[in-house]
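The values are calculated or read from the model by the stated rules, or taken from the named source; none is laboratory data. Note that the coordinates shown come from a computational prediction; the quantities given were computed from them, not determined experimentally. Cβ atoms come from the backbone with ideal geometry, glycine included; neighbour counts cover every protein chain shown. For the accessible areas, the whole protein counts, side chains as well, though only heavy atoms, and no ligand, DNA or RNA atoms are used. Shrake-Rupley method; radii C 1.70, N 1.55, O 1.52, S 1.80 Å.
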Amino acid sequence: EELIENAANLPLPNSVVEYFQGALGPPPGGFPEPFRTNVLKGRPLKDGRPCFEGRPGAELPPYDFETAEKDLKEAYGDQRITFKEVLSHALYPQVFKDYLAFEKEYGTIETLPTHVFLRPMQVGEENLVNLGPGKDYYIRLANIDGFNKDLGTRTVTLEVNGEKWFIRTPDTVTTLESTSGGAAPKRRAKKDPTDKGSLGSPMPGVIVAVNVEEGDEVEEGQTLFKLSAMKMETELKAQVSGKVTK
């Protein structure tokens, strides 16, 4: 009874809330009431309705696969996008974007042992990685430097078949065991290559002028910011006309 009464304030994952909103359709036998009604208090759908009625997929407009494929190829390149990627983006758009962003930063990881990917290596640990016939690499995690607040990174020292490699890697989530320790704050947001209105910096630098605010209407080609880098100023212009959201 206490659980049902306090359902509106429970810290439920989004996936659970979406389930009770009917995003997966109605379950056999229906939803448990009044628990469901209480869970949905203050958690409406984006259009203001409390939940879906019937099968949510029936409300979706027809999906334009040709346009989606064209946009994805413009964002990620013709060679990277096949129909499998188009379908993945249609089903899980944000997961797909996150995966390609991860791939762009870290490269392909098919040959990485699963346990190494799921459980980060500890300092002093060594693993064998096989990249093909005659390509065996013994990789040892030698050291993790302190957190660089300016870059949001740490320098990791690896010994690959006895040779030391120094790699600067982003630290976005975990507190790594190092001499300094400390939790890493979130990194700054990056440009979304699938959003034509998303604007990113072409190089590291300092923003010296901001010409717009949230809510302003801008025209394509309008200067939004000025970036100072390598003793030069670069104007960052709007790629499309629209409203500044953040």
Please state which one of G132, G107 is modelled with pLDDT under 90 and closer than 20 Å to D78 by Cα.
G107
May I ask you to list the residues in region 28-71 that are closer than 20 Å to L10 by Cβ, within 27 Å of the chain's Cα centre (by Cα) and surrounded by fewer than 12 Cβ atoms within 10 Å (Cβ to Cβ)?
G42
For the condition farther than 30 Å from T194 by Cα, within 27 Å of the chain's Cα centre (by Cα) and either in a strand (DSSP E or B) or not aliphatic (A, V, I, L, M) (or both), what is the one hit in L128, L141?
L141
Quick one: which of V208, V212 is part of a loop (DSSP other than H, G, I, E, B), open to solvent by less than 90 Å² (accessible area, probe 1.4 Å), touching a residue at least 24 places away in the same chain (Cβ under 8 Å) and not aromatic (F, W, Y)?
V212
Region 148-173 residues that are at negative phi, paired with ones that are of a type in the set (K, R) and open to solvent by less than 50 Å² (accessible area, probe 1.4 Å) (beta carbon under 6 Å, 6 or more apart):
D171/R154
Condition (residue is aromatic (F, W, Y) and surrounded by fewer than 10 Cβ atoms within 10 Å (Cβ to Cβ)) applied to region 107-118: is it met by at least one residue?
yes
In region 219-246, what count of residues is obtained for those that are closer than 29 Å to H89 by Cα and not in a loop (DSSP other than H, G, I, E, B)?
4
